[in-house]
Amino acid sequence: MCPRSNDPSEPASLMVFQDGWWYLDPGGEVRGATVLDNLVHRGDIPVTIGVFVDPGVFPGANEPKNRNAEYDALDDRYVTLLLTEIIPEVARRWVISEDADRWGICGGSSGGNCAFTAAWLRPDRFRRVIGYLSSFAQMPGGNPYPELIAHAPRKPLRVFLQAGHRDLGWDQPESNWLAENLRVAAALAEAGYDFRLVLGDGGHSPNHGGVLLPDALRWLWRSDDAEDHAH
């Protein structure tokens, strides 16, 4: 999706959305294309090209979606797919900035930890992250990020997280989506990252993320000299 105001001679920012149709659906709760168009039109964010990517599907298989294998893994296969196959196709049609600070990635649930993993492994390309109700709790082998964030040199990332008080397993000692998001946020805070955590009262629903998307994008694309460095 390319904003109507895009000047083909001026490099645009880039925002990749996992579970693309869920964000693109004009009748859904997020309506990412409409949000991008409105924010660009008002000058609230730079001209930004939205790339909406659906997970793979295996026709006829008992488990037709490859979503969890693609999104929950802690490896670079998915981000490499974006960088070598999908984004080059977009760049054939529109001029995209080479500045990694102008590349963002967004996702919800498994797409949220996918977005974080893409930026964590390739901060030379993606440095702006939105994670809604991220499914860190179901990553194979457990949530690695509190430990990784604590011990790795700080990466040049800006991270917007949303968590729900009644997310999956919210009152359980294991597989607790809320707790794992809070652990990631705490690790980011202790490591001095530029991040924001927004808590809501809801469950595993896109409603709150949809409401937050305009403010999340404004916050991600704010200028470095802006006063809002709230954690």
Margin query: If residue 119 satisfies all but one of (1) in contact with a Pro (Cβ under 6 Å, 6 or more places away or on another chain); (2) closer than 23 Å to residue 214 by Cα; (3) of a type outside the set (Ser, Thr, Tyr); (4) assigned to a helix (DSSP H, G or I), what's the number of the condition it fails?
Written below: (1)
Notebook entry, point to check: Considering only the range 132-160, how many residues are out of contact with any Lys or Arg (no Cβ under 7 Å at 6 or more places or on another chain) and in a strand (DSSP E or B)?
Noted result: 2
Next item on the list: Select, from 39, 24, the only residue that is within 16 Å of residue 90 (Cβ to Cβ) and either at pLDDT 95 or above or in contact with a strand residue (DSSP E or B) (Cβ under 8 Å, 6 or more places away or on another chain) (or both).
Entry: 24
Checklist line | Selection within the range 83-101 - in a loop (DSSP other than H, G, I, E, B) and of a type outside the set (A, V, I, L, M) | finding: 92, 93, 94, 97, 98, 99
Check: Hey, among the residues in the range 80-96 that are touching a residue at least 60 places away in the same chain (Cβ under 8 Å) and more than 19 Å from the chain's Cα centre (by Cα), which one's nearest to residue 11 (Cα to Cα)?
Finding: 95
Checklist line | Residue, modelled with the lowest pLDDT, within the range 193-231, restricted to residues that are among the polar types (S, T, N, Q) and within 18 Å of residue 110 (Cα to Cα) | finding: 207
Checklist line | Of the criteria (1) touching a residue at least 40 places away in the same chain (Cβ under 8 Å); (2) assigned to a loop (DSSP other than H, G, I, E, B); (3) among the polar types (S, T, N, Q), which one residue 113 fails | finding: (2)
Next item on the list: Output the residues belonging to the range 111-131 that are touching a Lys or Arg at 6+ places or on another chain (Cβ under 9 Å), surrounded by fewer than 24 Cβ atoms within 10 Å (Cβ to Cβ) and of a type outside the set (Lys, Arg).
Entry: 120, 123
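The values are calculated or read from the model by the stated rules, or taken from the named source; none is laboratory data. Since we're looking at a predicted model, the values are computed, not measured. Positions of Cβ are backbone-derived with ideal geometry, glycine not excepted, and every protein chain shown enters the neighbour counts.
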